[in-house]
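As structure tokens, the structure follows; a few thoughts come after it.
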Amino acid sequence: MSVTTPAPLRTPPAPRPQAERESPGRHLDFNAITDEQFLLAANHMRLEQEIRLLMRTPYREFVVQIPVRMDDGRLELFHGFRVQHNGVRGPYKGGIRYHHEVDLGEVRALAALMTWKTALVDVPFGGAKGGVACDPTQMSRSELQGLTRGFTQKIDLGLGVYRDIPAPDAGTNAQTMAWIMDEYGKKHGYTPAIVTGKPVSLGGSLGREEATGRGVMIITREACQCLGIDIRKARVAIQGFGNVGSWTAKLIGQLGAKIVAVSDVHGGIFQPEGLNIDKVFEHFRATGSVCGLSGARAIDNAQLLTLDADVLIPAALGGAITRGNVDGIKAKLIVEAANSPVTPQADETLQARGVTVIPDILANAGGVTVSYFEWVQNLQQFRWGLQQVNEELERKMIHAWRAVHTRSMEEKTPLRLAAYVEALNKIAEATRQRF
Ligand code: NAD
């Protein structure tokens, strides 16, 4: 295992020109994208150079090898990352992603987003992210368990209830968290607060599983109201039917909206009069995909993004909407349920066309908000009821929405810039007081 410390503070090079970052067919540089969004806000706020340097430089990065004995007897070597981006407002907090394209740059970018997100919804955490380059869909349960336990051992010295608290992200779930908690407990004793998003039977919080989707629903509902879109008549398309996408579909559907299309990695389905989401869930449980639901038309993920819908919710992975496909987007409102689904170039085009984009750090902050409630419950060894969790989540999300929306109206800036300014102000203030 290697623990790399950031380079000494000096003026970092300016971000590379956008054209270089977003060449079609190349893997996007999420770190440069996140950094550019930060710099835009830092310039707008006239943030001091010293403070911005401290804020954009990760505190600590773990890059580890994880050997796993696979079911067929082979020894496979995986690479894992944990980036502790900023801890000025509290312990590092952020999910762990299992995906074959995970690399240090992407994890760095996601860790920075967590720092901004926790500040925006005002939970007392910093930001972190973890990831392992692997394809969880091709691994058995015992291989995934071996990988997770191996990763936990390798980053153990960076974890702690008041130091760094992982959670699920794409490709991981409550079971993954249970293995981390169990592995950590072998060395440190029973410590449920070491992870959030764990099963309720192990101290997880009621309402955590659906929290990110519930937060997306609350923000979409509030935004529609401000934009004069009647949510009960809105046509909504959702890319991704994992934890976030599926709960978002269910909860927005319950408001009366028509979910006209959903998709997963295999493709999508479209029904102009609205899908029956319970049937989609049933079909998904039976087949492992949304594809093939009888009565729905098959579409691909590219078609889903350009459907004639009022609201588009990318809820899969980053880089879904780029300069390559932005001109085809017809929705009036885009809600970033995934992290970094809209590139800065696409964002600019959408802005110029008057399309409202709700940024990831606001739209998907419901997950970390209920993770905070879970951590509090674990520390106090006191369980909250579901109603209390949902009410507190609603309160926090609405508060954050109003702060961002008001600032955006007052300063005549896009919601992303307003959200960054709201978040960065809190982190900058805490940073100044420490130095
Ligand atoms: P997940 O693994 O449960 O689901 C991901 C979904 O995306 C699956 O339906 C998968 O089939 C689909 N998908 C994967 N690659 C795709 C592709 N190339 N095209 C179309 N669909 C594809 O993950 P999740 O937890 O739902 O996370 C989704 C997004 O939300 C990620 O960007 C994640 O960082 C973000 N997020 C998650 C949480 C959380 O609490 N889980 C919180 C905040 C943000």
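Could you say whether any residue in the range 101-110 is farther than 20 Å from Thr34 by Cα and either open to solvent by 10 Å² or more (accessible area, probe 1.4 Å) or more than 18 Å from the chain's Cα centre (by Cα) (or both)? So far as the range 101-110 goes, no, none of its residues is farther than 20 Å from Thr34 by Cα and either open to solvent by 10 Å² or more (accessible area, probe 1.4 Å) or more than 18 Å from the chain's Cα centre (by Cα) (or both). In the range 385-395, which residues are open to solvent by less than 40 Å² (accessible area, probe 1.4 Å) and either touching a helix residue (DSSP H, G or I) at 6+ places or on another chain (Cβ under 6 Å) or closer than 15 Å to Val123 by Cβ (or both)? Those that are open to solvent by less than 40 Å² (accessible area, probe 1.4 Å) and either touching a helix residue (DSSP H, G or I) at 6+ places or on another chain (Cβ under 6 Å) or closer than 15 Å to Val123 by Cβ (or both): Val389, Leu393.
Checked across the range 387-395, the condition of being out of contact with any Cys (no Cβ under 8 Å at 6 or more places or on another chain), touching a residue at least 24 places away in the same chain (Cβ under 8 Å) and within 22 Å of Leu113 (Cα to Cα) holds for at least one residue.
What do you reckon, is Ala365 within 12 Å of the ligand (Cβ to nearest atom) and either crowded, with 24+ Cβ neighbours inside 10 Å or of a type outside the set (S, T, N, Q) (or both)? Steps first, answer last, please.
Values: within 12 Å of the ligand (Cβ to nearest atom): yes; either crowded, with 24+ Cβ neighbours inside 10 Å or of a type outside the set (S, T, N, Q) (or both): yes.
Considered against the rule, which asks whether it is within 12 Å of the ligand (Cβ to nearest atom) and either crowded, with 24+ Cβ neighbours inside 10 Å or of a type outside the set (S, T, N, Q) (or both), Ala365 comes out as yes.
Residue pairs whose Cβ atoms lie under 8 Å apart, separated by 6 or more positions or on different chains, with the first residue in the range 46-69 and more than 16 Å from Asn31 (Cα to Cα) and in contact (Cβ under 8 Å) with a residue 40 or more places away in the chain and the second open to solvent by 20 Å² or more (accessible area, probe 1.4 Å) and β-branched (Val, Ile, Thr), are Phe62/Val3; Phe62/Thr4; Val63/Thr4. What residue, among those in the range 286-338 that are closer than 18 Å to Gly253 by Cα and in contact with a His (Cβ under 8 Å, 6 or more places away or on another chain), is least open to solvent (accessible area, probe 1.4 Å)? For the range 286-338, the residue satisfying everything is Val290.
Scanning for something modelled with pLDDT of 95 or more, under 17 Å from Ala337 (Cβ atoms) and in contact with a Phe, Trp or Tyr (Cβ under 9 Å, 6 or more places away or on another chain), does the range 400-417 turn up at least one residue? Checked the range 400-417: no residue is modelled with pLDDT of 95 or more, under 17 Å from Ala337 (Cβ atoms) and in contact with a Phe, Trp or Tyr (Cβ under 9 Å, 6 or more places away or on another chain).
Scanning the range 347-362 for residues that are within 16 Å of the ligand (Cβ to nearest atom) and under 14 Å from Ala331 (Cβ atoms), which turns out most open to solvent (accessible area, probe 1.4 Å)? Per the stated criteria, the residue is Val357. Given the conditions (1) charged (D, E, K, R); (2) closer than 21 Å to Gln84 by Cα; (3) free of Cβ contacts under 8 Å to residues at least 60 places away in the same chain, which single one is not true for Lys186? The number of the failed condition is (2). Selection over the range 121-139 of residues that are open to solvent by less than 10 Å² (accessible area, probe 1.4 Å) and not basic (Lys, Arg) gives a count of 10.
The values are calculated or read from the model by the stated rules, or taken from the named source; none is laboratory data. None of the values given here were measured: they were computed from a predicted structure. Glycine gets a Cβ as well: all are built from the backbone with ideal geometry, and neighbour counts include every protein chain shown. Side chains included, ligands, DNA and RNA excluded: accessible areas come from the protein's heavy atoms. Shrake-Rupley method; radii C 1.70, N 1.55, O 1.52, S 1.80 Å.
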